[in-house]
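To keep things clear, I will list the structure first and then write my remarks on it.
Rule-based calculations on the coordinates, nothing more; no lab input. Remember, predicted model here, so these are calculated numbers, not experimental data. No Cβ is skipped: glycine too gets one built from the backbone with ideal geometry, and neighbour counts run over all protein chains shown.
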Amino acid sequence: MMKNTRQERQADTRKAILQTALELIAEKGLDKLSLREIARRVGYSPAGLYEYFDSKEGILLTLAEEGDGWLRKAALNIPAELPALERLIQACLAYVDFAIHNAEHFIIMNSLTTGRASLDEPASSESSYTAFLRIIQAAMDEGDISAQGNFGAEEITYGLWALIHGIGILRLTQLRNFEADFETMNRKVIETFIKGLK
């Protein structure tokens, strides 16, 4: 079988475009990302990039989906035999770990708005948000977490997501060079939040 087919070359170029975009975001920040600079580094004309992506937003959306897929996989790979509450804690810690070790993906993911406009619309079944929502629902089903009035599974997911997102942002910005036992502190903060939902 002939190697380096046109499809393989296209896949390699697409991968190079995405990797270059990540490198530029790491160097210059998301707001300075330009198709012209991506094209220059990949060795293409700006017009040539349109064979692979129709816009800068298309590149960012692809990277966001890639990052969300990794995050969803991390949440779903937590052993199913663990109690739901421990799975939830581990999923939250996995989110923070993802933010720290995949900073560019994390920044991109959180620069785009969700396609969902209200609670009346179902969340995408393939999103990391839905993976967290299901773990929270399992913890509710096992009696570890209780709905409080109108504060149900979606609202709890929102609150917990805001907490772990804030931890991730702090670790990437103000606390980037701060030395502390964050692993212990993060678990304690998450456990304290969850205990308030019993």
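What to note about this one:
- Seen against the Cα atoms of the chain and their longest principal axis, helix 6-28 is set at about 70 degrees.
- Summed side-chain charge close to Lys188 - residues other than Lys188 whose Cβ falls under 12 Å, Lys, Arg +1, Asp, Glu -1: -1
- Helix-only mean residue ellipticity at 222 nm for the chain, each DSSP H run of n ≥ 4 adding -39500 (n - 2.57), per residue, nearest 500: -21000 deg cm²/dmol
- Placing unit charges on the Cβ atoms of the charged side chains and taking the dipole of the chain about its Cα centre, the candidate lying farthest along the positive direction among Thr173, Thr184, Thr113 is Thr173.
- Ranked Thr113, Thr130, criterion: other C-beta atoms within 10 Å, fewest first: Thr113, Thr130
- Rounded to whole Hz, the Karplus (6.51, -1.76, 1.60) HN-Hα couplings of the range 43-60, x for glycine and proline: x, 10, 7, x, 5, x, 5, 5, 5, 10, 9, 7, 5, 4, 4, x, 5, 5
- Label positions at Lys56 and Glu121, each projected 7 Å from the Cα along the C-beta direction, are separated by 2.5 nm.
- Against the main long axis of the alpha-carbon atoms of the chain, helix 153-172 sits at an angle near 60°.
- Among 93-102, 165-174, the order from most to least packed when residues are scored by Cβ within 10 Å on average: 93-102, 165-174
- Cα-based helix-to-principal-axis angle, 128-141 vs the chain, degrees rounded to 10: 10 degrees
- Rg and Dmax, both from the Cα atoms of the chain and both in Å, are 19.6, 64.
- Close amide-amide hydrogen proximity is noted between Arg116 and no other residue 5 or more places distant or on a separate chain, at a cut-off under 5 Å (H modeled in the peptide plane; Pro and chain starts excluded).
- What separates the Cα centres of the range 46-86 and the range 131-171 is a distance of 21 Å.
- Among 157-163, 83-89, 117-123, sorting by the average number of other beta carbon atoms lying within 10 angstrom of each residue, highest first, gives 83-89, 157-163, 117-123.
- Site pair Asp12 and Arg176 shows an inter-label distance of 3.4 nm when each label is modelled 7 Å from Cα along Cα→Cβ.
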